[in-house]
Amino acid sequence: MDTSVKGLNKWANAHTNFWLDTLRIVLGIFFIYKGAYFITNSRDFEDLIAPVSNFMGGMLTFHYIAAAHIMGGIMIIFGLLTRWAIIAQLPILMGAILINLFGEMHMGNFILAIVVFGVSIFYSFYGGGKHSADYYFKMEK
């Protein structure tokens, strides 16, 4: 199998269905929700990153997470630059998993972070699929 982006796109377009598009849209909505949640509950976010706040700038991290979740979520919903939007989410998701491992363990958050990370890894390879802006713009050429 061709492992280039073009080869991955061909495979994704041949194996697409509406369930995968629906899952991609739900993932995008989830990221927008989490970004908005971080903005409206900034104190909770500060408490969440307290175990690792010495290693990364708190406000820089806060703004990166909120912006990446909201803008990435919008891009994922429409399937616009899906792989790049997902790649921007991966460090955040890894941080969510690590915070649960090394900070106070919240099993529900830990499982949610692992599931979202797994789905994101899938879409980083799969891309937006046939029913996405990526596919539409590719076909316009």
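The values are calculated or read from the model by the stated rules, or taken from the named source; none is laboratory data. Fair warning: this is a prediction, and the values are worked out from it, not measured in the lab. A quick note on method: Cβ atoms are made from the backbone with ideal geometry, for glycine too, and the neighbour counts reach across all protein chains shown.
Computed quantities for the displayed model
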item	result
Scan of region 77-91 for residues that are closer than 28 Å to K130 by Cβ and at pLDDT 90 or above, ordered by number	W84, A85, I86, I87, A88, Q89, L90
Count of region 70-103 residues which are farther than 18 Å from I32 by Cβ and touching a residue at least 12 places away in the same chain (Cβ under 8 Å)	9
